[in-house]
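Everything below concerns the one structure shown next.
The values are calculated or read from the model by the stated rules, or taken from the named source; none is laboratory data. This is a predicted model, so every value here is computed, not measured. Every residue, glycine among them, receives a Cβ derived from its backbone with ideal geometry; neighbour counts consider all protein chains shown. SASA here: full protein model, heavy atoms, side chains in, ligands and nucleic acids out. Shrake-Rupley method; radii C 1.70, N 1.55, O 1.52, S 1.80 Å.
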Amino acid sequence: MKNNVKTSKGDDTIPSYIKKTEEQFPQLTKGLKKVANHLLQDPTIFAIHPAKKIGDIIGVSETMVIRFCNSIGYDGFSSLQDEIRKSLMTLSSDASDIWTSQDNDSNFIVEEIKEDIKLLTKNAKKINIENAQEVVDTIINSEKIIISGYYQSYSFAHWLFFNLNYILGNTSLYRPEIDARVLEFLPKKSSVILFSFYRYALDTIRLAKDAKMKGIKIIAITDSRVSPIVEYADHIILVSLENASIFRKGPVTLSIINSLLYEIIRRIDGVEEISPTFKYFIKENQYDKKSGD
């Protein structure tokens with residue numbers, strides 16, 4: 001099969017690991033090229049998984065994944081993975097060129113994205129890193145995690161639940177119609193993550209109050225230091241909207257959630273096999289596993 005790898009030596013916005021892969025690609029063996037192709041097409045799997053898991057997904061050995069890292073100039077897999085993670089989490093300062101390289105005066109989509117970026121930047125400057133690390137510690141050290149959000153917040157709760165359960169395997173999405181007594185059966189070292197935004201759903205506040213009475217750790221993600229849920233929370237992640245439209249809270253909240261997820265991934269050893277309860281159209285065992293060197 002022909003490999004169409006375009007080089008990007010002259011573009012400073014291209015991550016270094018991509019440049020190195022493209023430069024070394026012609027000299028790589030067949031098996032190493034297979035690893036290279038997957039890295040160029042989907043670097044996320046290299047950011048999330050350990051080398052052995054990546055080898056299983058691609059259909060090569062763990063040794064070949066490590067050899068690939070060495071072949072393009074890295075000391076080992078960890079060095080490459082660290083660079084990929086930083087690249088995926090960092091918005092290039094050159095991104096502003098997007099707004100000046102074309103006439104966007106009448107492009108309402110671009111204008112709305114600009115406003116989202118402004119709000120994201122303001123929130124990034126206000127994040128208390130020590131508090132965020134404590135939140136990550138609480139999540140990682142919890143035997144069981146319950147996540148809840150009502151109305152618009154349900155989408156945030158579901159996103160965090162799905163991805164956190166994928167990583168840790170111990171997370172549930174709170175459903176009031178069937179989980180009325182769920183707090184009574186939680187292990188001692190458990191935590192509850194609650195999304196509470198204006199107008200502050202009463203059921204979320206009641207759940208926080210019940211969890212507090214049972215001594216369960218509470219992480220509140222909210223839009224105000226004086227929101228009703230704050231008095232019950234052990235940790236608070238503040239999403240600052242600064243009088244912006246309620247629609248602006250979506251990108252900011254999801255960005256903060258994703259930052260926490262990336263830090264959790266970084267702090268644990270790696271993700272094991274996907275739970276059999278997750279069903280996808282494209283499954284990992286559909287990858288061709290007959291590749292040789």
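Screening D82, D103, D75, D94 for residues that are under 30 Å from P26 (Cβ atoms) and modelled with pLDDT under 90 leaves exactly one candidate, D94. When residues in the range 25-36 are screened for being surrounded by fewer than 16 Cβ atoms within 10 Å (Cβ to Cβ) and part of a helix (DSSP H, G or I), 3 of them pass. Considered as a group, the residues in the range 37-48 that are touching a residue at least 40 places away in the same chain (Cβ under 8 Å) and open to solvent by 10 Å² or more (accessible area, probe 1.4 Å) include one that is farthest from I167 (Cα to Cα), and that residue is P43. Reported count of residues in the range 61-92, each being β-branched (V, I, T) and either closer than 30 Å to K118 by Cα or not in a helix (DSSP H, G or I) (or both), is 3.
Annotation: of all residues in the range 199-221 being at pLDDT below 95 and closer than 21 Å to S245 by Cα, the one that is surrounded by the fewest Cβ atoms within 10 Å (Cβ to Cβ) is R199.
Just so you know, in the range 212-248 the residues that are part of a helix (DSSP H, G or I) and touching a residue at least 60 places away in the same chain (Cβ under 8 Å) include one that is nearest to E130 (Cα to Cα), and it is R248. From the list K118, K125, K144, K114, the lone residue that is surrounded by fewer than 19 Cβ atoms within 10 Å (Cβ to Cβ), among the basic types (K, R) and touching a Ser or Thr at 6+ places or on another chain (Cβ under 7 Å) is K144. Could you list all residues from the range 119-146 that are touching a helix residue (DSSP H, G or I) at 6+ places or on another chain (Cβ under 6 Å) and part of a loop (DSSP other than H, G, I, E, B)? Selection gives nothing. Within the span defined as the range 171-186, one or more residues are farther than 15 Å from S255 by Cα and among the basic types (K, R). A search for C-beta distances below 8 Å between a residue of the range 170-198 that is surrounded by 14 or more Cβ atoms within 10 Å (Cβ to Cβ) and part of a strand (DSSP E or B) and any residue that is modelled with pLDDT under 90 and among the hydrophobic types (A, V, I, L, M, F, W, C), counting only pairs 6+ apart in sequence or on different chains, returns S172/V182; V192/L183. Among the residues of the range 181-207, those identified as within 25 Å of the chain's Cα centre (by Cα) and among the aliphatic types (A, V, I, L, M) are V192, I193, L194.
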